[in-house]
Amino acid sequence: MAHIHEKIDFTVAIFVVHDGKVLVIHHRKLDKWLPLGGHIELDEDPEQAALRETKEESGLDVELVGERPPTTSPGTRALIAPRFLDIHRISDTHEHIGMIYWARPKNGELTLADAEHHDIRWCTRAELDALMPPMTDAVKWYCHTALAEMSR
């Protein structure tokens, strides 16, 4: 886990959607249902972090969904924009700026990263409401929004 500063870090959250279901994990340390994700390492950009975290935490290779502007030129590389950004407090003295992506699976086999998670599962909208412990309203909103937008 890369910490760029004692007060703030940049992170990615990846909501993978397939066949009307969204992939969520039950985080072992936090005892919460969350999307895949984690810290952006010092030697990677947000896209690379999203792809790496997804592979590490689920075994899946994914395609990030979003717009990449046609502005790449020598010394510049356009990135897929996150669907949303947020900032969330981790402790009294530390925050995360979160880059929130939608993604589709390309290949790989779903695998539990059991050192980090109790469970990993694909959930429909209704199944999200039945998770225990209950999912936070914010994470559930992102799940529902990803499902709605990716089903169009």
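The values are calculated or read from the model by the stated rules, or taken from the named source; none is laboratory data. Just so it is clear, the structure is predicted and the values come from calculations on it, not from any experiment. Positions of Cβ are backbone-derived with ideal geometry, glycine not excepted, and every protein chain shown enters the neighbour counts.
Looking at His27, is it surrounded by fewer than 23 Cβ atoms within 10 Å (Cβ to Cβ) and under 21 Å from Glu63 (Cβ atoms)? First the steps, then the outcome.
Details: surrounded by fewer than 23 Cβ atoms within 10 Å (Cβ to Cβ): yes; under 21 Å from Glu63 (Cβ atoms): no.
Here the answer is no, as His27 does not meet what is asked.
For segment 103-141, give me the residue count where each residue is among the aromatic types (Phe, Trp, Tyr) and touching a strand residue (DSSP E or B) at 6+ places or on another chain (Cβ under 6 Å). I'd like the intermediate steps shown before the answer.
Step one: filter segment 103-141 for residues among the aromatic types (Phe, Trp, Tyr), giving 122, 141.
Subsequent filtering for residues that are touching a strand residue (DSSP E or B) at 6+ places or on another chain (Cβ under 6 Å) retains 122.
The qualifying residues number 1.
When each of Glu53, Glu149 is tested for being acidic (Asp, Glu) and surrounded by 14 or more Cβ atoms within 10 Å (Cβ to Cβ), the lone residue that passes is Glu53.
Summed over segment 91-109, the residues that are under 19 Å from Leu34 (Cα atoms) and free of Cβ contacts under 8 Å to residues at least 60 places away in the same chain give a count of 1.
Give Thr72, Thr145, Thr136 a once-over and let me know the one that is among the β-branched types (Val, Ile, Thr) and over 16 Å from the mean Cα position of the chain (by Cα).
Values: Thr145 fails: over 16 Å from the mean Cα position of the chain (by Cα); Thr136 fails: over 16 Å from the mean Cα position of the chain (by Cα).
Going through Thr72, Thr145, Thr136 in turn, just one is among the β-branched types (Val, Ile, Thr) and over 16 Å from the mean Cα position of the chain (by Cα): Thr72.
What strands (runs of 3 or more DSSP E), lying completely within segment 70-135, carry at least 1 residues that are exposed (fewer than 13 other Cβ atoms within 10 Å of the Cβ), modelled with pLDDT of 95 or more and in contact with a Gly (Cβ under 8 Å, 6 or more places away or on another chain)? Walk me through how you get there before you give the answer.
Details: elements: 84-91, 94-108, 117-123.
Ranges flagged: 84-91.
His144 passes every criterion in (1) surrounded by fewer than 16 Cβ atoms within 10 Å (Cβ to Cβ); (2) within 17 Å of Val12 (Cα to Cα) apart from (2).
Taken together, the residues in segment 1-42 that are part of a strand (DSSP E or B) and among the acidic types (Asp, Glu) amount to 1.
Looking at segment 43-59, is at least one residue touching a Ser or Thr at 6+ places or on another chain (Cβ under 8 Å), of a type in the set (Ser, Thr, Tyr) and not in a strand (DSSP E or B)? Yes.
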